[in-house]
Amino acid sequence: MNRQTISRLDGERRAQGTLLRLLCAVSIWRTVMTRVLPLCGASAWWTALLCLLPGFAVAALLRFTMYLTHSATLAEAMRASIGRAGAFLLSGALAVLLAVDAVSSITALITLFTQGVGTRGTPLTLAALTGVVLLFSLHREGLARGAHFLRFVMAAAAILLAVILLGDAQPDHLFPLYGDGLDAVLAAAEAGFSLAWPVVLLLTAEPAQGKGRLRGAILPAFVSVGAVLLLTLTIPHELLIRQDGLAALLLLPTRYAPNALRVLTLSLLMLTFFLAIGASAQLATDQLFVAAKRVPVWLPYVVLAALFLSQATDASALWTLLGCIEPWLIAPLALLALISWPLALKWRKCP
Amino acid sequence: MKKLLILLMLLTCTSCSALPAEERAFAVALCVEREGTLWRVHGRIPTYKTGGGYTTVTGEGDSLSAALADMDASAPMHLHLSQLRLLVLEEGLGADMSAVLHELSDRVDVRPHCAVAVTDVPAKELMDALKPATGARLSKTIDVLLDTRIEQGAVLPATLADVIRMGERQSPVLIALTLTDGAIDLSGGYGMADSALPLTARETTLLSLLRGDAKTLRLSLSGGTAEVRDARAKIRLSQGMQSASIELTMTVTASAFTADGLEEVLAGELLTLLERLSAAGCDVLGLGRKAILRTANMAEWHGLEWTARLRQISWTVSVGVSGPA
C-alpha cells in the first residue's frame, strides 16, 4: 500500500472512531437522562459515574484478552480464544445490543418530535421520514464522515450551551447529595447498570493511529455525565424527580432555557440522536454479516424497516419494555469476557 | 458532502413544519383568576389587523387546564403561549399560586422567561389596559417597563423559570401589578409564603439591595434618601440554624445622612423587613439554600421543617458604607 492509501485508511478509521464515540456519548446520556435521573434526581451524576464502572470493567477485560491474543480487533480476539463460535457469539450479541440501542434512540427521537416539540404527524410518519433520511446516509462511510465532519460544530454548540447554562447554576442544587435516599440511588444504579456497554464497541474497530481506543471512550462517557451534572446544577432535585414521561425528560435541559438556546439545544439533540440511530443501524447490519465477505445490499433496508415498524407499537409500552431489557445489556458481553480471557491465557503464545 | 447537505435540508424542513406561525395567535399576556370553583383565564393577543391593536380572549372552566382549553377554543386561531411576556395571577388565588405556576410551567408552549405578577385589579380591566405605550408592540412595552422597574429596584426580577427553579429552597417575590390612571404600573411585590405577602416598593428596593439585582439604587429611608452602588451582601446561617446574619457593604454616591447615620437607619429598616418576612415564613433571601447543604437526603430536609424554623430565626444586620456621605 502506498502512503496515500495508508493515509486514507487511517482517515476512515478516525472517522469510524468519531462515530463510535458519538454513539457511546448519546447512548450513555440517553440512559442517564431517561432511566437514572428520574429515579435519583440530584444524585444522578455520581450514580452515573458508578454505573460506568461495569461497562469499563468488561471493556478492560476484553482489551486484556486482545492483548493476550495479540489481536487488533475484538472479533479476532474472540476467534483466537474461543474459536469461530466466539466470533459469531460476539457478533450476534453486538447486533442485538445495537438493535436495542437503535430502537431506544428512535423511540426517544420520535417521542421528542411528537410529544416534546409538538411536531405535527404521527409517530409512524415521522419514523418513516427518519428512515428515508437515513437511507441517504447509510452508505458504508457516509455516516462516519458526517459525524467526523460535524464534530467540531457539535463540540462548539455543546460548549456554548454549557457556558450559558452555567450562568443559571446554583451549587445548592447538587444537594441533598443522596437525593431521595439509598433506595432511590440503588434503583437508579440498577436501571443504569449497563449504560457503558457501548464502550466495548470501540474495541471492534480497526485501530487508528494515535490514542488508545479505551482511552478514547473516556471523553464521550465523561462528557455525557458532565452534561447531566450541569443539568442538576441548574434544576433542583425536587423538580428533577417531578418529571415523568420520556418527552419531558428529554426536554429537561432546554425547559427553562431562553428560546434561542432551546432551538439550538433541540437541533443538536436531534442531530446527535439521528447520527446515533444511523450508527447503531449500520453497525448492527455489519455485525449480522461479519462472517460473510459482503453484506447483502438489502440488509440495511430490512434493518431500517424493522426500526420503522418498531414505532407502530405504543411508544410508552415499547419504552417500558426497553426499560426492562436495558439493565441486562452488559450481560452477554460480560459473559464473553469471562469466558474468553482464561482461554486466551491458556492458549497464550509465548514470545 | 451532497448527501450531507440533502440530509441537513430535510431535517431543517421537518423542523420548520412544527411551527406554522401564521396559523397561531401568540398571547403576550395571560391573566389567571378564580371565582369560587370557576377558573377564568384572559389572554391578550394581537389582532393582526392593519394598524395593529390587541384584543382579549377569555376562557372558563372548572380547572385551569379546562379554562385554557376554552380560551384556545374561543381564540380566532390556535393560541400559543411561547411569546408570553407577562403572566398575571389574581391576588385571591392565595396559596394556590404555586400550583398554578407549576401547572403552567409543565406546558411545553409556555415561555418560561415571562414575568410573573400578582394583581388586585379586576382581570378584564387590567387586560384592556395592556396597550403599547410607544410603538406598536405590547411585548416591547412590557419588556422595557420591566427592565426599568427592576433597575429602579421598584420590583424584583421574577420570571416563571426563576420562580419554579427556586423549588423548596427559596420563596419568590412576585411583581405587584396595579393600574395608575388607566395604565399598568409595576411597583412593589408579593412574597410567596403560605399566602401572598404584600411588599411595598420601598421594601422591594431594600430586597433588591440585598440580592444585588440592581447596580445602582436610590433608597427612600425614614429621614431622607441615599443613592448607592456596588452593594454586596454576605448572608450567613448559624450552625444551629437558629440565627442568620447579613453583612452589607456598599458605596454611597449621594446621601442625606452621615455615614454612621445611614448605616444605623438602613440596618434598622432591613432588620424590621427581614423579621417581618421570616415571621411569615417567607425565605426571600434563600437561607433554605444554605440549610439544605447540611442535609444528606430529602427525608432529612423535610424533617428540618424549614418554614417553621425560619419563623423562629433571629437576624443580625450590619451595614458598612464607603464613599462620600
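Measure nothing but the geometry: give the 0 to 90° angle between the long axis through the Cα atoms of B:259-279 and the longest principal axis through the Cα atoms of chain B, rounded to 10°. Helix B:259-279 and the main axis of chain B meet at about 60 degrees.
Could you work out the Rg to Rh ratio of chain A, with Rh taken as the Kirkwood radius (inverse of the mean 1/r over all Cα pairs)? Here Rg/Rh amounts to 0.97. Cβ crowding within 10 Å, taken as a proxy for footprinting-reagent exposure, orders B:LEU287, A:LEU338 from fewest neighbours to most as A:LEU338, B:LEU287. State which helices in chain A qualify, where a helix is a whole DSSP H run, it must extend 18 Å or more along its own axis by its Cα atoms, and its mean Kyte-Doolittle hydropathy must be at least 1.0. Membrane-span-like by this criterion, though nothing is claimed about a membrane: A:44-69, A:84-111, A:123-137, A:142-166, A:213-234, A:259-288, A:330-346.
Where both partners of a DSSP beta bridge lie in the protein assembly as shown, what percent of those bridges are antiparallel, to the nearest 5? Show your work: numbers first, answer last.
On the way: 43 of 67 bridges.
Of those bridges, close to 65 percent are antiparallel.
Translational D (Stokes-Einstein, µm²/s) of the range B:213-296 at 20 °C and 1.002 mPa s when Rh comes from the Kirkwood sum over C-alpha pairs?
Rounded, D is 149 µm²/s.
GNM remark for chain A: springs join alpha carbons under 10 Å apart, and the peak mean-square fluctuation among A:THR107, A:THR313, A:THR285 falls on A:THR313. Its residue count N sets the reference 2.2 N^0.38 Å, and the alpha-carbon radius of gyration of chain B equals 1.14 times that reference.
B:HIS102 to B:ASP194: extension gain in nm, 0.36 nm per residue of separation minus the Cα-Cα distance? Show your work: numbers first, answer last.
On the way: separation 92, 0.36 × 92 = 33.12 nm, distance 1.58 nm.
Extra length available between B:HIS102 and B:ASP194 comes to 31.5 nm.
Here is the size of the range A:208-328 from its Cα atoms: Rg then Dmax, 18.3, 54 Å. In the range B:246-264, which residues have a backbone nitrogen under 19 Å from the label point lying 7 Å from B:GLU227's Cα in the Cα-to-Cβ direction? Backbone N within reach: B:250-259, B:262-263.
Can you run the Rg to Rh ratio on the range A:73-119? Use alpha carbon positions and the Kirkwood inverse-distance Rh. Ratio of gyration radius to Kirkwood radius for the range A:73-119: 1.36.
Simple rule: put +1 on each Lys or Arg Cβ and -1 on each Asp or Glu Cβ in chain B, find the dipole, and look at B:LEU293, B:HIS42, B:ALA117; the Cα lying farthest toward the positive end is B:LEU293. Look at the dipole of chain B built from charges on Cβ: of B:ALA69, B:LEU174, B:SER82, the Cα furthest out on the positive end belongs to B:SER82.
Could you work out the helix-only [θ] at 222 nm for chain B, with each DSSP H run of four or more residues adding -39,500 (n - 2.57) and the total divided by the number of residues, to the nearest 500 deg cm²/dmol?
Values: 11 runs with 115 residues, N = 325.
Helix-only estimate at 222 nm: -10500 deg cm²/dmol.
If both residues of a DSSP beta bridge must be in chain B, then about 65% of such bridges are antiparallel.
Footprinting exposure proxy ranking of A:LEU182, A:LEU161, fewest other C-beta atoms within 10 angstrom first, gives A:LEU182, A:LEU161.
Placing unit charges on each Cβ (+1 for Lys and Arg, -1 for Asp and Glu) gives the range A:235-351 a dipole about its Cα centre, and among A:GLY245, A:PHE273, A:PRO296 the Cα reaching farthest toward its positive end belongs to A:PRO296.
How high is the FRET efficiency between B:ALA69 and A:ALA169 when r is their beta carbon distance and R₀ equals 41 Å, given to the nearest 0.05? Plugging the Cβ-Cβ distance into 1/(1 + (r/R0)^6) gives 0.70. Sequence-distant contacts, meaning Cα pairs under 8 Å at least 6 residues apart, place the relative contact order of chain A at 41 percent.
Against the 2.2 N^0.38 Å scaling, with N counting residues, where does the range A:41-131 land? I'd like the Cα-based Rg ratio to two decimal places.
Working: Rg = 19.1 Å, N = 91, 2.2 N^0.38 = 12.2 Å.
Working it through for the range A:41-131, the quotient is 1.56.
If the elastic network links every pair of Cα atoms under 10 Å, which of B:LEU38, B:LEU217, B:LEU81 fluctuates the most in the Gaussian network model of chain B? Between B:LEU38, B:LEU217, B:LEU81, it is B:LEU38 that shows the largest mean-square fluctuation.
Rounded to the nearest 0.05, what FRET efficiency do B:ALA296 and A:ALA162 give with R0 = 41 Å and r taken as the Cβ-Cβ distance? Could you check?
Values: r = 28 Å, r/R0 = 0.69.
It comes out at approximately 0.90.
Rounded to the nearest 20, the size of the Cβ-charge dipole of the range B:128-195 about its Cα centre is 200 debye, with Lys and Arg at +1 and Asp and Glu at -1.
Under a Cβ-Cβ cut-off of 12 Å, what is the net charge of the residues other than A:ALA75 that fall near it, where Lys and Arg count +1 and Asp and Glu count -1? Provide the component values of the computation, followed by the final result.
Values: positive: A:ARG79, A:ARG84; negative: A:GLU76, A:GLU206, A:ASP286.
That sum, taken over residues with Cβ under 12 Å, equals -1.
Evaluated on the range A:198-237, the Kirkwood hydrodynamic radius is 11.8 Å, with distances taken between all distinct Cα atoms.
Please work out the FRET efficiency for the pair A:LEU186 and B:GLN239, using the Cβ-Cβ distance as r and a Förster radius of 30 Å; give the result to the nearest 0.05. Step by step, r from the Cβ atoms, then E = 0.45.
Please work out how much length the chain gains when fully extended from A:VAL153 to A:LEU177, using 0.36 nm per residue of separation minus the C-alpha to C-alpha distance, in nm with one decimal. Don't jump to the answer; show the numbers that get you there.
Values: separation 24, 0.36 × 24 = 8.64 nm, distance 3.42 nm.
Residue separation times 0.36 nm, minus the Cα-Cα distance, leaves 5.2 nm.
Panel note: the C-alpha atoms of the range B:134-282, placed on their principal axes, show extents of 51, 39, 24 Å (largest first). A Gaussian network model of chain B, with springs between Cα atoms under 10 Å, assigns the largest mean-square fluctuation among B:ARG34, B:ARG107, B:ARG44 to B:ARG107.
When the convex hull of the Cα atoms of the protein assembly as shown is projected onto a plane and the area is averaged over all directions, what value comes out in nm²? Please report the intermediate quantities before stating the final value.
Numbers: hull surface 144.6 nm².
So the Cα hull casts an average projection of 36.1 nm².
For the range A:267-351, the orientation-averaged shadow of the C-alpha convex hull comes to 9.4 nm² (one quarter of the hull surface).
Computed about its Cα centre, the charge dipole of chain A is approximately 1480 debye, with only Lys, Arg, Asp and Glu carrying charge at their Cβ. Sorted ascending by nearby beta carbons within 10 Å, beginning with the fewest, B:TYR54, A:TYR67 become A:TYR67, B:TYR54.
For the protein assembly as shown, the Cβ-based charge dipole about the Cα centre amounts to some 3960 debye (Lys, Arg positive; Asp, Glu negative; other atoms uncharged). The label point for B:GLU264 and the one for A:THR73, both projected 7 Å from the Cα toward the Cβ, are 8.6 nm apart. The label point for B:THR253 and the one for A:ALA306, both projected 7 Å from the Cα toward the Cβ, are 7.0 nm apart.
The numbers here are math on the coordinates, done by the rules we state, and not lab data. This is a predicted model, so every value here is computed, not measured. Quick reminder, even Gly has a Cβ in these numbers, built from the backbone with ideal geometry, and neighbours come from all protein chains shown.
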